[in-house]
Amino acid sequence: MQDHPEPIVPTGSVAPVPRRVRAVLGGTVVVDTCRASYVWEWPPYPQYAIPLADVAPGVLTDKGTVAETPVGTATRHTLRAGDAQRPGAALVHTGDRVPELAGTVRFDWAALDAWFEEDEEVFVHPRNPYARVDALRSSRRVRVERDGVVLAESASPVLVFETGLPTRSYLPRTDVRWEHLAPSATVTQCPYKGRTSGYWSAHVGGAVVEDVAWSYDFPTREMSPIAGLVAFYDEVVDVFVDGVRRERPRTHMR
């Protein structure tokens with residue numbers, strides 16, 4: 001049994017997006033809509049379905065191929081704006097399985113330079129309207145180990161509870177054993193927290209655990225309590241909370 005809530009929206013679900021959605025490629029706004037839909041192609045998070053009428057004219061070219069998706073068949077299109085070209089980056093739904101998707105487009109998220117909900121940039125994928133992310137200060141003592149070596153220990157963590165993921169413990173930098181960590185060039189993004197400002201690999205007993213820890217110096221407004229703190233992937237370390245060892249979770253993250 002999982003120790004955290006799992007996503008509850010089934011594949012194939014569709015819901016309206018009550019936010020203005022825009023996307024930019026090559027300096028051109030190629031999507032600008034207040035009529036997008038959320039579409040769940042798999043349970044953890046949705047994609048946007050954009051009405052064709054709200055896509056900039058002339059940016060899509062039909063490749064003449066058909067793709068099968070979890071919500072039905074779609075025709076694959078190339079996206080072009082200015083000097084930027086993204087072959088096959090757009091799928092125009094036929095609506096054969098989910099009729100309300102007929103005439104809407106799903107873009108490969110990474111094919112666009114930037115996405116915005118209202119005037120705030122969104123990273124990685126649309127924010128799930130049925131997911132919750134809370135950052136709560138705590139006095140529980142958290143100790144992080146790898147192969148018996150303590151990497152961090154703190155009695156003032158900020159615990160992040162995110163639907164579909166195990167609880168993450170963000171610890172003050174003064175409570176991290178930096179002699180066991182080395183910086184890496186990795187940068188990741190999260191739709192709820194923003195863009196990371198640092199990643200570190202652990203060097204323990206002659207072995208290296210790549211990108212075991214990360215930090216957000218400038219997180220989103222909602223996640224401001226984690227600013228500058230350091231979190232570890234529970235999937236590859238041993239985490240003790242008030243002296244009790246947690247089982248390592250299995251997730252799509254590691």
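The values are calculated or read from the model by the stated rules, or taken from the named source; none is laboratory data. Worth saying up front: this structure is predicted, and the values here are computed from it rather than measured. Quick reminder, even Gly has a Cβ in these numbers, built from the backbone with ideal geometry, and neighbours come from all protein chains shown. Only protein heavy atoms, including side chains, enter the accessible area calculation; ligands, DNA and RNA are left aside. Shrake-Rupley method; radii C 1.70, N 1.55, O 1.52, S 1.80 Å.
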(request) Tell me, please, whether a residue that is part of a loop (DSSP other than H, G, I, E, B) and aromatic (Phe, Trp, Tyr) can be found in the stretch 215-225. (result) yes
(message) Within the stretch 42-65, does at least one residue satisfy the condition of being closer than 13 Å to residue 103 by Cα and of a type in the set (S, T, N, Q)?
(response) no
(message) If I filter the stretch 31-41 for residues that are under 25 Å from the mean Cα position of the chain (by Cα), within 30 Å of residue 133 (Cβ to Cβ) and among the basic types (Lys, Arg), do I get at least one hit?
(response) yes
(request) Select from the stretch 131-161 the residues that are surrounded by fewer than 17 Cβ atoms within 10 Å (Cβ to Cβ) and either within 14 Å of residue 223 (Cα to Cα) or within 18 Å of the chain's Cα centre (by Cα) (or both) and list them in ascending order. (result) 132, 134, 136, 137, 161
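Give the residues of the stretch 53-81 that are among the small types (Gly, Ala, Ser) and closer than 21 Å to residue 40 by Cα, sorted by residue number. Please lay out each step first, then the result.
Taking the stretch 53-81 and keeping what is among the small types (Gly, Ala, Ser), we get 53, 56, 58, 64, 67, 72, 74, 81.
Within the stretch 53-81, 67, 72, 74 qualify.
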(message) Can you report the number of residues in the stretch 58-71 which are more than 19 Å from residue 109 (Cα to Cα) and open to solvent by less than 70 Å² (accessible area, probe 1.4 Å)?
(response) 2
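Among the residues of the stretch 170-219 satisfying the criterion of being in contact (Cβ under 8 Å) with a residue 60 or more places away in the chain and β-branched (Val, Ile, Thr), which is least open to solvent (accessible area, probe 1.4 Å)? Before you say what the answer is, go through the steps one by one.
At the first step, the residues of the stretch 170-219 found to be in contact (Cβ under 8 Å) with a residue 60 or more places away in the chain are 170-171, 189-195, 207, 209, 212-213.
Subset that is β-branched (Val, Ile, Thr): 209, 212.
On the way: 209: 18, 212: 1 Å².
Step by step, filter the stretch 170-219, then rank; the result is 212.
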(request) Collect the residues in the stretch 240-252 that are under 23 Å from the mean Cα position of the chain (by Cα), surrounded by 13 or more Cβ atoms within 10 Å (Cβ to Cβ) and not hydroxyl-bearing (Ser, Thr, Tyr), keeping them in residue-number order. (result) 248, 249
(message) Against the definition (touching a Leu at 6+ places or on another chain (Cβ under 8 Å) and not aromatic (Phe, Trp, Tyr)), how does residue 88 come out, yes or no?
(response) no
(request) Given the conditions (1) open to solvent by 20 Å² or more (accessible area, probe 1.4 Å); (2) closer than 30 Å to residue 201 by Cα, report the number of the one that residue 116 does not fulfil. (result) (2)
